[in-house]
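Report on the following structure.
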Amino acid sequence: MKHLLGLKNVSATEIQEILDEAFRMKREVLEGSKKDNCLSGKSVITLFFENSTRTRLSFELASKYLGATAANIAASGSSVAKGETLIDTAKTIDQMAADAIIIRHSSSGAPHLIAEYTNASIINAGDGMNEHPTQALLDMMTMQEKKGSLKGLRVAIVGDVKHSRVARSNIYGLKAMGADVVLAGPSTLMPAELERLGVPAYYDVEKAIQGADVVMGLRIQLERQKKGLFPSVREYHKYFGVNEARMQLAAPDAILMHPGPVNRGVELSADIIDGDRSVIGEQVTNGVCVRMAVLNLLAGNKK
Amino acid sequence: MRLLIKNGRVVDPQNGIDEIQDLLIDGGVVQSVGKNLDAADAEIIDATGKIVAPGLVDLHVHFREPGLEYKEDIETGSRAAAKGGVTTVVCMPNTSPVIDNAPLVQYVMNRGKEVGLINVLTCGCISKEQKSGELAEIGELKAAGAVGISDDGRPVLSSSLMRKALEYAKMFEIPVLSHCEDLELVDGGSMNEGYMSTYLGLRGIPKAAESVAVTRDILIAEEVDGRLHICHVSTKNAIEAIRAAKKRGVKLTAETAPHYFSLTDKACDGFNTNAKMNPPLRDEEDVKAVIEGLMDGTLDAIATDHAPHHRDEKELEFDLASNGIVGLETSLGLGVTYLVKTGKLTMSQLIEKMSVNPAKIINFDRGSLAVGKVADVVIFDPDKEYQVCVDTFASKGKNSPYDGFNLYGQVETTITAGKIVYQRNEK
Ligand SMILES: [Zn+2]
């Protein structure tokens, strides 16, 4: 694998390879404090056209833990904003002999575009509404950690599926791994012909959560309300918010996930965010592990 | 100069001809059509195995002049047209500045004559500066030679202004060519809304963005008895609205473009910006409806919406890339391959859609090979397969989704007013 642009066409074997590597990183590097210099001498650039402190930091730490030189380009404050095209920017970075470029961009397909023009490995850290593969990988890692296997797992994803790259990557990845994905959200926040992705979608959140092993809330952009996609945060929470009562419908040992940051009291009620079933904290830790794994597999010295 | 085209299959639907005949051209006009013609001093073109048809008339091209010559100009556009067998084009007025006054109409037409390859006609704008505020000087536009009025590139936002345009244009017997699009429904979308937009994570453009606008314009035209022509129809529901209106007797014509009968939104896969256009490529159901619309006459004409862009405007993020593809050098091939070879239209019906009907829509005396008519002629090979290669395009624009496609219907010779303006070189 040269790039990680998405999970759309990634096989179960490849996904499992990344997850296995992520578990190794967690055991040896993060918890075992064992030095691993598989990225020493490598340069990793984060090129973020959208603000996201947590994802950028996660990638930067992953690079540093493995001995890489990490540099960050905040695209909004650089020449990028001033008429330079994305391809020009990527070529410039490539000329500086970057080994991996981690890109986040509001346009779907932006990572695919630069992958055609650079020698570096391109890692998609979120492109428009398309994909966010490392988020889905860390979600899958967390599920596997808690549930043992992804096969046959019932995963309910709740919220703004339409605009969610997290949902899309999870759908592709989880389906490849043999999990059963069900979706729930308001009709105005469901993408067209979703059923052709092979996942059932419900407007009734309780139907989706019924018997689920994993309940995943998606972050809702509060600006969507102003665009008329739902009438109020109050009504959204009433019909689609995940709360304790709804979690009771899930499997007895179900876990609760969220890609963060959570709008408390909107997607999830406050009590369950901090409750026993919540694995939101572990997701963050596993995020670093998954990113170490991906960086090593794509750009590592013993690749 | 006299030209004698020998042994071609003359397809001249206007005059009910579809048989092997000779065509003699003299003084720029058709002098005779018939079997075994002889002309001692004439230059002979052997058209054995080829089709000889009236030159194609394309109602919808963007030649980008004045102002946007880095994309295309009237000379390169004319060459592309000649290469595609197109002898008459209607330029859309969304240039820079827009063609909303008589001197600019004259400028475009004069440039076309200076280049001297094909008939370069133009639309003038419906509204001043294409701002949907006040009507442009439609009477003067017509007097200067505009063959239609259009705000193409943008919809006429105001329903009230559209009504006035249809009423006012009636006096001057000039058609209103409408780019039908409800921008509120488009809502920032960059491709057709459906499975592919979900799959690619791109904002979708609902089909109703077209059909709502088409329906509005039809109802207004019906009420004021205006002369409405709908541009680049792409959706099933728009076609059904047009079909129903024609049944009621509304004075209405409509065109589609070759990409709407030969491609679906699957072509956008991989974020292919050469498949990005407006209206966007739709799905199988719409392609089927477009073909049915062509077959039953709901759609009168095929026009390319030839929209050349600079490389830099396409090598971008999909949602930021410009809309449009070049079409002049592939339209006949696509028509022959996807409509005639598949048995959907006869060759004669294809020529009607690409020459006879568009000429009628703008009331331009072309599309016929009758004796005495101006000799605009295309000669093409319906049976030999050829491969599209954008690098060989005469257009400045290489933005085509058809690069590498194998098509039938390669143009051999194009003649405008008795003069050969394009001759394919045998390699
Ligand atoms: Zn248009």
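The listed peptides B:160-171, A:242-253, B:324-335, B:253-264, ordered by packing as a protection proxy, come out as B:324-335, B:253-264, B:160-171, A:242-253 (highest mean of other Cβ atoms within 10 Å first). Contact-buried residues of segment A:127-153, at a threshold of 10 Å² lost accessible area versus the chain by itself: A:Met129, A:Asn130 (1.4 Å probe; DNA, RNA and ligands ignored). With unit charges on the beta carbons (Lys and Arg positive, Asp and Glu negative) and the dipole taken about the Cα centre of chain A, which residue among A:Gln248, A:Val205, A:Val266 sits farthest to the positive side? So the residue we want is A:Val266.
In nm, what is the difference between 0.36 nm times the number of residues separating B:Tyr70 and B:Lys251 and their Cα-Cα distance? Each step should come with its number before you reach the end.
Numbers: separation 181, 0.36 × 181 = 65.16 nm, distance 3.82 nm.
Extra length available between B:Tyr70 and B:Lys251 comes to 61.3 nm.
Applied to segment B:9-18, the Karplus parametrisation 6.51 cos²θ - 1.76 cosθ + 1.60 on θ = phi - 60° returns per-residue 3J(HN,Hα) values of 8, 7, 10, 10, x, 4, 10, x, 9, 8 Hz, with x for Gly and Pro. Taking amide hydrogens as placed 1.01 Å from N in the peptide plane, the amide H of B:Asp73 sits under 5 Å from those of B:Lys396, each at least 5 positions away in sequence or on another chain.
What percentage of the solvent-accessible surface of the protein assembly as shown, computed with a 1.4 Å probe over protein heavy atoms, is contributed by carbon and sulfur atoms? Numbers along the way, then the final one.
Details: 13300 of 27350 Å².
That fraction is 49 percent.
Taking R0 as 25 Å, what's the FRET efficiency between A:Ser187 and A:Val284 from their Cβ-Cβ distance, rounded to 0.05?
Computed FRET efficiency for A:Ser187 and A:Val284: 0.20.
Working from label points 7 Å from Cα in the Cα-to-Cβ sense, the B:Asp312 to B:Gln423 distance is 3.9 nm.
Could you state how much accessible area is buried at the B-A interface, both sides summed, with a 1.4 Å probe, in Å² to the nearest 100? Mind dumping the intermediate values first?
Working: alone 16170 and 12980 Å², together 27350 Å².
Roughly 1800 Å² of accessible surface disappears when B and A pair.
Note on B:Glu134 and B:Gln106: their simple-model spin labels are 2.2 nm apart, each label 7 Å out from Cα toward Cβ. Residues of segment B:180-194 buried by at least 20 Å² of accessible area upon assembly of all protein chains, compared with the chain on its own (1.4 Å probe): B:Asp187, B:Glu193, B:Gly194. Select from segment A:176-205 all residues whose loss of accessible area on going from the chain by itself to the full protein assembly reaches 20 Å² or more (probe 1.4 Å). In segment A:176-205, residues shielded by partner chains: A:Ala192, A:Glu193, A:Arg196, A:Leu197.
Just to confirm the filter: which trypsin sites (Lys or Arg not before Pro) across segment B:239-327 are DSSP coil and have at most 11 other Cβ within 10 angstrom of their Cβ?
On the way: sites: B:Arg243, B:Lys246, B:Lys247, B:Arg248, B:Lys251, B:Lys266, B:Lys276, B:Arg282, B:Lys288, B:Arg311, B:Lys314; in loops: B:Lys251, B:Lys276, B:Arg282, B:Lys314.
Passing both the DSSP loop test and the Cβ count: no residue.
About its Cα centre, chain B has a charge dipole of approximately 540 debye under the convention of +1 per Lys or Arg Cβ and -1 per Asp or Glu Cβ, with nothing else charged. Annotation: amide H of B:Ile205 within the under-5 Å range of B:Ser190, B:Met191, B:Asn192, B:Glu193, sequence separation 5 or more or interchain, hydrogens built in the peptide plane.
Compared with the direct C-alpha span, the chain from B:Asp269 to B:Met295 gains 6.4 nm at full extension, assuming 0.36 nm per residue.
Using the Cα centre as the reference, give the magnitude of the dipole from point charges on the C-beta atoms of segment A:133-279 (Lys, Arg: +1; Asp, Glu: -1; all else neutral), rounded to the nearest 20 debye. Numbers along the way, then the final one.
Numbers: 19 positive and 17 negative charges, 89 e Å.
Charge dipole, segment A:133-279, about its Cα centre: 420 debye, nearest 20.
Remark: the protein assembly as shown carries 37 Å² of accessible area per residue (probe radius 1.4 Å; ligands, DNA and RNA excluded).
A Förster radius of 25 Å combined with the Cβ-Cβ distance from A:Leu61 to A:Asn301 puts the calculated FRET efficiency at roughly 0.85. Taking the charge dipole of the protein assembly as shown about its Cα centre, with +1 at Lys and Arg Cβ atoms and -1 at Asp and Glu Cβ atoms, the residue from B:Thr76, B:Val86, A:Gly281 reaching farthest to the positive side is A:Gly281.
Would you calculate a helix-derived [θ] at 222 nm for chain B, using -39,500 (n - 2.57) for each DSSP H run of n ≥ 4 and dividing by the full residue count, to the nearest 500?
Details: 13 runs with 116 residues, N = 427.
Calculated at 222 nm, the ellipticity per residue is -7500 deg cm²/dmol.
Going 7 Å from the Cα of A:Asp271 along its beta-carbon direction, which residues of segment A:203-241 have the amide nitrogen within less than 18 Å of the resulting point? In segment A:203-241, the label zone of A:Asp271 (backbone N under 18 Å from the point 7 Å along Cα→Cβ) covers A:206, A:237-241.
Mean partner shielding of peptide B:3-16, defined as the number of other chain Cβ atoms within 10 Å of each residue Cβ, is 0.
Computed from the Cβ-Cβ distance with R0 of 35 Å, the FRET efficiency linking B:Lys288 to B:Phe364 stands at 0.65. Pairs of C-alpha atoms in chain A farther apart than 26 Å represent 44 percent of all such pairs. If you restrict to DSSP beta bridges whose two residues both lie in segment B:55-361, what percentage is antiparallel, to the nearest 5? Taking every DSSP beta bridge with both residues in segment B:55-361, the antiparallel ones total about 5 percent. Around the amide H of B:Ala417, modelled in the peptide plane, lie the amide H atoms of B:Ala375, B:Asp376, B:Val377, all under 5 Å away and 5 or more residues distant in sequence or on another chain.
Between B:Asp403 and B:Lys384, the distance separating the two model label sites (each 7 Å from Cα on the Cα→Cβ line) works out to 2.5 nm.
Ignoring everything except DSSP H segments at least 4 long, calculate the 222 nm mean residue ellipticity for chain A; use -39,500 (n - 2.57) per segment, divide by total residues, nearest 500. Before the final figure, lay out the partial values.
Numbers: 12 runs with 115 residues, N = 303.
That comes out to -11000 deg cm²/dmol.
The 3J(HN,Hα) values that the Karplus relation (6.51, -1.76, 1.60; θ = phi - 60°) gives for segment B:338-352 are, in residue order, 8, 10, 7, 4, 8, x, 6, 10, 7, 4, 5, 5, 4, 5, 4 Hz. Gly and Pro appear as x. Phi-derived couplings, Karplus 6.51 cos²θ - 1.76 cosθ + 1.60 at θ = phi - 60°, listed residue by residue for segment A:100-110: 9, 10, 9, 10, 10, 8, 6, 9, 4, x, 4 Hz, with x used for Gly and Pro. Dipole orientation for chain A: of the candidates A:Ala120, A:Thr134, A:Gly152, A:Ala120 has the Cα lying most toward the positive pole (charges on Cβ; Lys, Arg +1; Asp, Glu -1). Dipole size of the protein assembly as shown about its Cα centre, with +1 on Lys/Arg Cβ and -1 on Asp/Glu Cβ: approximately 1240 debye, rounded to the nearest 20.
The values are calculated or read from the model by the stated rules, or taken from the named source; none is laboratory data. These numbers come from a predicted model, not from an experiment. With ideal geometry, Cβ positions are generated from the backbone for all residues, glycine too; neighbour counts draw on all protein chains shown. Remember, those area values only see protein heavy atoms, side chains included, never the ligands or the DNA or RNA. Shrake-Rupley method; radii C 1.70, N 1.55, O 1.52, S 1.80 Å.
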